[in-house]
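This report concerns only the one structure given below.
The values are calculated or read from the model by the stated rules, or taken from the named source; none is laboratory data. For clarity, every value in this text was computed on a predicted model and none was experimentally measured. Using ideal geometry, Cβ is built from the backbone for each residue, glycine included, and neighbour counts are taken over all protein chains shown.
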Amino acid sequence: MKLIRKIQSIKPTYQKHGIDGLIYAVLKNLKLNSKFISIIEKKKYYLEKKIIKITNKTILSGIYKSTRLTCESHWGGFDTSSKLLGFYEKQVQEKILELKNKFHLEYFINFGASDGYHALGLLKNNIFKYAYVFEINDKSRTIINDNSKINNLSEKIKILGKANFEDFKKNLNSEKLKKTLFLIDIEGEEFKILNKINLPIFKNSILVVENHDFLSNKEDVEKFFNLMKKHFNLEILNNGSRNPNEIAEIKYFDDDEKWLLVSENRKQTMNWLIFIPKN
């Protein structure tokens, strides 16, 4: 029975990644130090090393150009190449800049800041005056701190733990919150934290929220949308196009390699919810 369950558990890996993926999965289960679950992951790993060397850990293009990264992460998601080329969540970068200019925003708050990519890219390029970043993972907070130091931005960023609204009562008054953009990427918790109790704090701010409705229960999602639609106009932001052929530094990489370099390693197509206060 145990053997049957084991075979059933590896069947999806075989269907998705073929025999190579199956071999990598078995090696991983046997704790034989396999870092990968497929040939594609292995290829991306070695391409990433090349890009780190080519870029000298500095973003090459786009809105966040010239921002430096330590290229450390706690999740190992193979998205470093996309970040260093300037393509990571490119549509989000462009939307943030558009909203900042349209509504004359000054402050940036990031729930689920990861390595600080968005906050530091925006600060480095003088798009926002100051950023507050919330990140629940201890190692990630250390990485944000290290990234802020190498960009000489420590004085412009405050690094905090688990996402919450209590800290804003100490740091941002209602007038400042009107000039604030929230970027929220907290794996489904957005449907719980953006609630009626916290509404007085965020109701006058612009919100950009990654939609993880597939990770949340239907009731939480329904309550969330009912509340938000009363106070905000909603726009859906879908994944945009990206063209690796624009980057001269990877001109001599073949097509397959170029497209792997700009992959964000997502398991499905994602979208973002843009909430703009009705008042």
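Assess whether Glu219 counts as being of a type outside the set (Ser, Thr, Tyr) and under 16 Å from Gln91 (Cβ atoms).
Considered against the rule, which asks whether it is of a type outside the set (Ser, Thr, Tyr) and under 16 Å from Gln91 (Cβ atoms), Glu219 comes out as no.
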If Leu122 meets every condition in (1) of a type in the set (A, V, I, L, M); (2) within 14 Å of Tyr64 (Cβ to Cβ); (3) at pLDDT below 95 apart from one, which number is that one?
(3)
